[in-house]
Each structure stands twice: as structure tokens, then as C-alpha cells.
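One structure is given below, encoded as C-alpha cells.
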Amino acid sequence: MKERIERLRAKIEEFKSESPQHLEEFRVRILGRKGELTAMFDDFKTVAADGKKELGKLLNEVKTLVQDKLKSQKEQFDAIGSTRNPSLIEDKTLPASPCGIGSRHPVSLAKNEILDIFARLGFAVAEGPEIEDDRHVFSALNFPPDHPARDMQDTFFIERNPDILLRSHTSSVQVRVMERQKPPIRVVCPGRVFRNEAVSARAHCLFHQVEGLYIDKNVSFADMKQTLMYFVREMFGENTRTRLRPSFFPFTEPSAEMDVSCKICGGKGCNICKHTGWLEVLGCGIVDPNVLDACGIDSREYTGFAFGMGVERLAMLKWQVNDLRLYFENDVRFLQQFQTAL
Ligand code: PHE
């Protein structure tokens, strides 16, 4: 009898049910009225008194074992059943439950739209490294040695080597293009840039830019103006008005900033445009001859214009989002709203 009990114990230990029905059959086979263990308990009655103690203990152990096994396997099926109908588990031909599809991030949507518009004007895309050297971010771009952007407060430097830094604008890519390519040059440079700024609703230490460069013979300020006016009308709508304000950048002369009429108040003045009716969207200017010469392009023969814009800023204006941080938090409740914008 002892051997029979041990064989049954091994069988129970090995058992793995495939379905709730299979588990129930197993229960009946062991514990049912004519079950194997039930039969052994019957036989136990006829065991001689001196063997009762040992066999009784074994039988009770096996009984606990089978009860535990039934309980844990039933719990597993119940857990599956609460998410899926258990009667369907067996049918492997049924289609899988639907899984939600994602959507493009609004920053990517805005960036792609900007690149598409410039592609229609014949601008190719150029990319470059995020970790740069001083020459490509500053010196070749005519930044004087004591310019504040070269300060630790504004730019992230690699501690052990002040020549290595995280690019603070993608103008560095324009330098790389000028170094290796002869005019005519017509490129847009998208990418991440880094600035040592406190994070707020309007500023972040990491953001995305698209900068552009056009170099050829006789490129004029009027060409730049026309190109950028076309761009903002495509991006913000036919009725968008623009204005250029004089500005300063070390690498362009003359320099300007372009404003667009506020879409939210139609130019009447509101919180978003700080009651001016205008919103700044980009910086631009005629490439300084020093920059062309530093990059191996003859400034007596060629002229060009450059511009740069922040992608998050344009995305904020386009979709009227008033906090830049939303673009970095990846809260699905925010991101889901751009599904239809695909
Ligand atoms: N590089 C400038 C910036 O990061 C933008 C800019 C590019 C301005 C080209 C003028 C011409 O702010």
C-alpha cells in the first residue's frame, strides 16, 4: 500500500492541467467517489493497527498535496478568465484582442511638416553630431572669444576638455556642410540642441531646432524674406501676416527676427502674444562674410542667408499648447490628442 501511495504522489506532482475541464477530470479521478485516493482511504480501514500510523500520515499528506494543486491551478485559470473568456482559450484560431496603435509625437509632426515645406523649395536635409567642438559651434560662426554663449552658464561643456561641448544650436551642422560642399548649398538641419537653462513653461535645457542655409551667387535679403514668408504661410495658414524686426547674431549681418500675427486673437492682443498681436517664430540673416571665409567659401563670390527656429515653439503656436514641458513628459493623455494629426 505504501508503494501505491508513493506512485500516486508522483503522479500528482507531475500533473499539469491544460484546461479547466482537464483539471476537473483530474479531481474526479483522484478524489471522486471512485477516485484513486478515495479507494486508498477505503483500503486503509483494513490495515493492521501497527501500520496505521505511518500509512495514515502518508495518505493525509497526499490528500493535502492534491488539494493544494487543484486550488493553485484553478486560481491560474480564474486569473486568465477574468481578462479573457475561459471558454475561448482553447480556440487558437480566434483573432487576438486588439492592441492600441500609437501616434507620432507632436514634435516629430511639427519637424516633419517644417522639413516638407522646405523640401518643396529644394532644401536637402543635413544632420550632424550632438557632441561638438568649439570650432563648429562658436569660432567658425564668428563668436568673439568673450561671447556670453561660451560661458558655462549657457552651454554644457565636457568638464575635462572645454573644447568639447553639447551643441547649443544646429548652426554647427551648417558649418560642417560648408566645409565639405561647394555652393550652391541649400540645406535644412534638424536636431536636438542643449542649453544650460532652468526648465520652465517657456524654456528647456533640451529642445529641437530646424536651421537652414542657402548659399549661391547673388543671394539677397529679398530672397530670404520671400522664402520665410512662404514657409510661415504654409505652416500657419494663408492669412498669416509677418514682420521682420532687426536683431543681432554673431554669424549673420544684417540679422532679423520674424514675427507672425497671433492666430489666437487675430492680432488684437491676448495673453499668448503678451498683448502685442505678434509672436516671434525664428531668427535669420545674411551670412557674415567672416563665416563663409572661415568655412572655405569665397565671400567675394558668394552670399547666402541662414535661419533657425525652435520646433517645440512652433508646435506650441500651431496647436496652442501653453507649456513646453508637456512635450517632454510623454503623458499619453496629451499625446493621444495628436492621433488625428497624422
Ligand atoms: N542659431 C540661432 C539660434 O540658435 C538661430 C539663427 C540661425 C539665427 C541662423 C540666425 C541665422 O538661436
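Observations, loosely collected:
- When the chain is treated as a Gaussian network with alpha carbon springs shorter than 10 Å, the biggest mean-square fluctuation among GLY128, GLY237, GLY51 belongs to GLY51.
- Leading residue at positive end of dipole, the chain (Cβ point charges), from LEU314, ASN218, ALA79: ALA79
- For the chain, adding -39500 (n - 2.57) for each run of n ≥ 4 DSSP H residues and dividing by the number of residues yields -12500 deg cm²/dmol at 222 nm.
- Ranking GLY283, CYS262, GLY296 by Cα position along the charge dipole of region 242-309, where only Lys, Arg, Asp and Glu carry charges on their C-beta atoms, puts CYS262 farthest toward the positive end.
- When the Cα positions of HIS147, VAL332, LEU206 are compared along the charge dipole of the chain, VAL332 comes out farthest toward the positive end, with charges on each C-beta of Lys, Arg, Asp and Glu.
- Region 117-213: GluC sites (Glu not before Pro) in DSSP coil with no more than 15 other Cβ atoms inside 10 Å: GLU127, GLU130, GLU159, GLU197
- The chain: relative contact order as a whole-number percent, Cα under 8 Å and 6+ apart: 16
- Cross-link pairs LYS16/LYS92; LYS225/LYS263; LYS34/LYS57; LYS11/LYS74 - those with Cα-Cα distance over 24 Å: none
- Structure remark: mean-square fluctuation, Gaussian network model of the chain, C-alpha springs under 10 Å; the largest value among PRO95, PRO148, PRO250 belongs to PRO95.
- Mean separation of Cα pairs under 8 Å and 6 or more residues apart, divided by the residue count, gives region 65-189 a relative contact order of 26 percent.
- The calculated FRET efficiency for the pair CYS205 and SER299, based on their C-beta separation and a Förster distance of 41 Å, comes to about 0.75.
- Using the Karplus relation 6.51 cos²θ - 1.76 cosθ + 1.60 with θ = phi - 60°, the per-residue 3J(HN,Hα) values for region 145-156 come to x, 9, 5, x, 4, 7, 7, 3, 5, 9, 10, 8 Hz, with x marking Gly and Pro.
- Between THR155 and ASN196, the built amide H atoms are under 5 Å apart, and every one of these is 5 or more places off in sequence or on another chain.
- Only alpha carbons enter this Debye calculation for region 106-341, each as an equal point scatterer, and the log10 of I(q)/I(0) it gives at q = 0.09, 0.12, 0.16, 0.18 Å⁻¹ is -0.38, -0.69, -1.22, -1.49.
- Cα-centred dipole magnitude for the chain, charges only on beta-carbon of K, R (+1) and D, E (-1), debye, nearest 20: 1420
- Rounded D (µm²/s) - region 2-90, Kirkwood Rh over Cα pairs, Stokes-Einstein at 25 °C, 0.890 mPa s: 171
- Taking Cα atoms only, the orientation of helix 2-14 departs from the longest principal axis of the chain by about 20 degrees.
Readers should treat all values here as calculations from the given coordinates under stated rules, not as data from a laboratory. This one's a predicted model, so the numbers in the text were calculated from it and none came from an experiment. Every residue, glycine as well, gets a Cβ built from its backbone with ideal geometry; the counts of neighbours run over all protein chains shown.
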